[in-house]
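This report refers to the structure that appears directly beneath it.
The values are calculated or read from the model by the stated rules, or taken from the named source; none is laboratory data. Predicted model, so just to flag it, every value in this text is computed and none were measured. Cβ coordinates were reconstructed from backbone atoms using ideal geometry, including for glycine residues, and neighbour counts include every protein chain displayed. With ligands, DNA and RNA removed, areas are computed over all heavy atoms of the protein, side chains included. Shrake-Rupley method; radii C 1.70, N 1.55, O 1.52, S 1.80 Å.
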2 protein chains.
Amino acid sequence: MSPDVASNTPRILIIGCGFGGLEAARALKNAPVQITLVDRTNHHLFQPLLYQVATAGLPAPSIAAPIRHLFRRQRNLLTLKASVEDVDPKAKEVVLEDGQRLGYDHLIVAAGATHSYFGHDDWAAHAPGLKSLDDAFEIRRRVLLAFEAAEREPDPLRRAAHLCFVIIGAGPTGVEMAGTLAEIARHTLPGEFRRIDPASARVLLVEGGPRVLQTMPESLSESARRQLKALGVEVKLGTRVLDIHAQGLRWADTQGEQELASHCVIWAAGVAAVPLGRRLAERCSAPTDRAGRVVVQPDLSLAGHPEIQVIGDLAAAQSPGPDGALRPVPGVSPAAKQMGRHAAANIRRTLAGRPALPFRYRDYGNLATIGRHSAVVDLGTPLGPWRFSGWAAWVFWLFAHIYFLIGFRNRLVVLLDWASAYWTFSRPARVVSERARQTAIGE
Amino acid sequence: MSPDVASNTPRILIIGCGFGGLEAARALKNAPVQITLVDRTNHHLFQPLLYQVATAGLPAPSIAAPIRHLFRRQRNLLTLKASVEDVDPKAKEVVLEDGQRLGYDHLIVAAGATHSYFGHDDWAAHAPGLKSLDDAFEIRRRVLLAFEAAEREPDPLRRAAHLCFVIIGAGPTGVEMAGTLAEIARHTLPGEFRRIDPASARVLLVEGGPRVLQTMPESLSESARRQLKALGVEVKLGTRVLDIHAQGLRWADTQGEQELASHCVIWAAGVAAVPLGRRLAERCSAPTDRAGRVVVQPDLSLAGHPEIQVIGDLAAAQSPGPDGALRPVPGVSPAAKQMGRHAAANIRRTLAGRPALPFRYRDYGNLATIGRHSAVVDLGTPLGPWRFSGWAAWVFWLFAHIYFLIGFRNRLVVLLDWASAYWTFSRPARVVSERARQTAIGE
């Protein structure tokens, strides 16, 4: 009954069940191995739609599936809900939070990334990021309670501060959040308040660089900026955040420094590897990059440790582009999935006595949604890049995401939720749990 | 734009948006009044299905609807998310948690009930009750993590403690929880674990009285007990709880005292009025009953304060039965709804210069679900009581609840969730947020 007490079958340990870990585990489905899949949570999260949970568009179970349910039919896999605190490469063991040790013959580390406040960890309390379900609930709480607080606030200046939403960082998450918040303020809430006009809310998207969606071609960045503006988002490019505190934030741009009062600042700017990355790198004498990601060999293993592979957002990997030159593999879900499948394939090769192969990233393109009817798409095709934006891009984005929501609750239920939200402009998950009342409103 | 600054229109203040407050507000829809509806949360909760959220059958938004969305078209109503801390009947004002005061001409207090641990408030940490969404999330967390902890636990005794679920109190909530937990252990989870057999979990329903569902006729109580037994629930009647602590609980029955190790004890035994009830009673010199409910006049107002009405679970009201004798109005949702409509009607009568009428509770019957295919129904009909149980009762219960889920998200989505859960035995909302990892598993 227990795969982890059996014989001398090779033991594969996978840390983390994001896109990378999930794919690696699935790709080993019929392999003659014993897999232990360890995750801190009990669910796999469909991260690309997490902003929908944060903005009350979807309930959490629509994008989070219990890991052991996903793998119920994979008999060579044991799921453990646990947090890995350390790795002991000499003993070939990992150490869990309660001191328990798990042995492995092959280790796949797919523990992912977390927020980085660039050395300003005190900003975290005033500007939550969006990585986990808890983050999404916290942002949902702040957004919805900001409007509630405004309705109660007689002072016009303080009311304006409650109705000022600032998103920092104009990558895909920042752009999605800004577009959706503008949509909520302009379309969902008007008519439901008696003292305030929700449509008067300001939504600012603050970016240090010269354009939004910097990984996209320039023409699509410009299109995204125009679409954001049409939705009512104020896009502030070339703007550096100097401080974030309980009352708002301070920034600097070409016109000098400015202070803005806001009780709802959302952090979508920095990403760093989880702390386990540095610990692993130390134990294995592997280098890390500036974001704390572990520098891997071309085959995704660590130098001197062919039995350890690091994949997904935790890995600083390189892959040859179309011109043959090495480029960093981006921290996106398709890359994590590809690395997961590659790590699994390399384990199969190793077990068969064949050498591991180098990883090669296939870039099928890039897409980002902005809001109702707005998105940008950049696809690589054999005929060259295919780029489009606006309504068609939004429909493409919608179906791509519904399609990839595999294994989740019920794609039909999600589609119905969306269809209903689309026609009625409503947000079906506008629920804040009561715990909120113990905290100052609009903190 | 702001109804609360206008003229001399009568100001109606409603505290609480449960079934009672909601119905009162709706019943005043076209009245020439200004209504302010105050609730601590931002949502109306469909309490009869809260156990489904606690047992991962439904996501929270399926049974919680934003209050201001429900009332968006009722222009004479202002929604405020606030907590009422005190009432000043002389000044005709209530005091909010931030000291702000709201004036009224008519006050409807529908603030509801909370758990009562019968003087053992220290039990609350070890045996959460089920009243709010937060309660439901906490119970969901404990139930799901108990199985996770068991899968990690090598010691058989400690493993058994993780797999022992105790529900205290065999009223409708206790019976629903016990039946559903047994269903999860026997039907949902088997096949998903590798080291434990979830079906070996014990589910105990502990009741001090001589039968389950004591408000039901004896024949249905006995039927419910048999249905629970068939689902695998151990029903312990005539059993008094002596202590609940971090490691389990101690009880006494005819065979003496016994200690049981369990990390998941759920409290479904005692209900008490919210603290605002006692404060209101003090201010108005009104009596309260043992559970802290405010004793009201036949017309639901307070003696000497015709402008204050108390309804729902907070009211100790009486109503003449079929034989004309006064009986306490039960703390069930149909009673709260009827009181809400009655309070609104009395306000209309008062405004029209007519006397308020006494409240008369109409008991249309009683139903309780037990689990898959199991329920009991007791309906009053002109031809006498109509009682049935089993599969037909379960179908009746299902459609009655879907029907009453008015104003919520999407009845179709809920029905789909249920249909899918029914056919696949899965529980679509088996998600525990990460905050869990900061707490000891199985605490």
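Structure notes:
- Base-10 log of normalised Debye intensity for the range A:1-155 (one unit scatterer per alpha-carbon) at q = 0.21 Å⁻¹: -1.31
- Inter-chain shielding of A:186-197 (mean C-beta neighbours from other protein chains, 10 Å cut-off): 4
- Shielded by partner chains, the range B:115-149 residues - at least 50 Å² of accessible area, 1.4 Å probe, vs chain alone: B:Asp134, B:Glu148
- Rounded to the nearest whole Hz, the Karplus-based 3J(HN,Hα) values (6.51 cos²θ - 1.76 cosθ + 1.60, θ = phi - 60°) of the range B:288-299 follow the sequence 10, 8, 4, 8, x, 6, 7, 6, 10, 6, x, 8, with x at glycine and proline.
- Whole-number accessible area per residue in Å² for chain B, which is evaluated in the context of all protein chains at 1.4 Å: 41 Å²
- Residues B:Arg240 and A:Asp253, FRET efficiency given R0 of 60 Å [Cβ-Cβ distance, rounded to 0.05]: 0.30
- Alpha-carbon centroids, the range B:202-264 and the range A:352-388: separation in whole Å: 58 Å
- Working note: Karplus 6.51/-1.76/1.60 with θ = phi - 60° gives the range B:8-18 the couplings 10, 4, x, 9, 9, 10, 10, 9, x, 10, x Hz, where Gly and Pro are set to x.
- Helix-only mean residue ellipticity at 222 nm for chain B, each DSSP H run of n ≥ 4 adding -39500 (n - 2.57), per residue, nearest 500: -9000 deg cm²/dmol
- When the accessible areas of B alone and A alone are added and the area of the pair subtracted, with a 1.4 Å probe, the result is around 5900 Å², both sides summed.
- If a spin label sat at a point 7 angstrom from the Cα of A:Arg101 along the line to its beta carbon, the backbone N atoms of the range A:290-319 nearer than 19 Å would be those of A:307-308.
- In a simple Cβ point-charge model (Lys, Arg +1; Asp, Glu -1; nothing else charged), the range A:247-377 has a dipole of about 640 debye relative to its Cα centre.
- Protection proxy ranking for B:299-306, B:385-392, using the average of other Cβ atoms within 10 Å per residue and placing the highest first: B:299-306, B:385-392.
- Normalising the average separation of contacting C-alpha pairs (under 8 angstrom, six or more residues apart) by the number of residues puts the relative contact order of chain A at 19 percent.
- Within the listed set B:Gln34, B:Gln47, B:Gln255, the residue fluctuating most in the Gaussian network model of chain B (springs between alpha-carbon atoms under 10 angstrom) is B:Gln255.
- Taking the protein heavy atoms of chain A in the context of the full set of protein chains, the accessible area attributed to carbon and sulfur is 54 percent at 1.4 Å.
- When the alpha carbon gyration tensor of the range B:276-339 is reduced to an equivalent ellipsoid, its three semi-axes come out at 20, 12, 11 angstrom, largest first.
- In terms of distances greater than 20 angstrom between alpha carbons, the cross-link table entries A:Lys131/A:Lys337; A:Lys81/A:Lys131; B:Lys92/B:Lys131; B:Lys131/B:Lys236; A:Lys29/A:Lys337; B:Lys29/B:Lys337 yield B:Lys92/B:Lys131; B:Lys131/B:Lys236.
- Cα-based convex hull volume of the protein assembly as shown per residue, rounded to whole Å³: 172 Å³
- Note on the range A:150-284: Rg/Rh from Cα positions, Kirkwood definition for Rh, rounded to two decimals, is 1.06.
- Dipole of chain B [Lys/Arg +1, Asp/Glu -1 at C-beta], most positive-end residue of B:Ala31, B:Pro355, B:Leu228: B:Ala31
- The packing ranking, built from the mean of other Cβ atoms within 10 Å per residue, places the peptides B:241-248, A:76-83 in the order A:76-83, B:241-248, highest first.
- Extent along the principal axes, Cα only, for the range B:97-172: 64, 26, 23 Å, with the longest axis given first.
- Percent of alpha-carbon pairs separated by more than 16 Å within the range A:1-80: 52 percent
- Oblate is the label for the range B:68-134, because a/c, from the alpha-carbon gyration tensor with a ≥ b ≥ c as root eigenvalues, is 1.5 or above and a/b does not exceed b/c.
- Euclidean distance of C-alpha centroids, the range B:38-73 and the range A:7-77, integer Å: 30 Å
- Amide H partners (placed H, <5 Å) of A:Leu78, local residues excluded: A:Ile35, A:Thr36, A:Leu37
- Remark: chain A carries a charge dipole of roughly 1280 debye about the Cα centre, counting +1 on each Lys and Arg Cβ and -1 on each Asp and Glu Cβ.
- For the range B:229-349, diffusion coefficient by Stokes-Einstein and Kirkwood Rh (Cα), 10 °C, 1.306 mPa s, µm²/s: 91 µm²/s
- Dipole of chain A computed with +1 at Lys/Arg Cβ and -1 at Asp/Glu Cβ about the Cα centre; of A:Cys284, A:His120, A:Ala64, farthest Cα towards the positive end is A:Ala64.
- Farthest positive-ward along chain B dipole, Cα basis, beta-carbon charges - from B:Gln338, B:Leu213, B:Gln258: B:Gln338
- Integer Hz, Karplus 6.51/-1.76/1.60 couplings in order for the range B:374-388, x for Gly and Pro: 10, 6, 10, 10, 9, 10, x, 10, x, 8, x, x, 10, 10, 8
- Helices that extend 15 Å or more along their long axis by alpha-carbon positions and average at least -1.0 on the Kyte-Doolittle scale are, among the DSSP H runs of chain B, B:133-152, B:172-183, B:218-231, B:333-351, B:391-404, B:411-424.
- The calculated FRET efficiency for the pair B:Val295 and B:Leu351, based on their C-beta separation and a Förster distance of 22 Å, comes to about 0.30.
- Here's how it looks for B:Val329: its modeled amide H is under 5 Å from those of B:Ala317, B:Gln318, B:Ser319, which are all 5 or more places away or on a different chain.
- Once the C-beta distance of B:Leu398 and B:Gln214 is scaled by a Förster radius of 25 Å, the resulting FRET efficiency is 0.55 to the nearest 0.05.
- Rg to Rh quotient for chain A, alpha carbon positions, Kirkwood Rh: 0.98
- Cut-off under 5 Å, modelled amide H: who pairs with A:Asp243 long-range: A:Arg250
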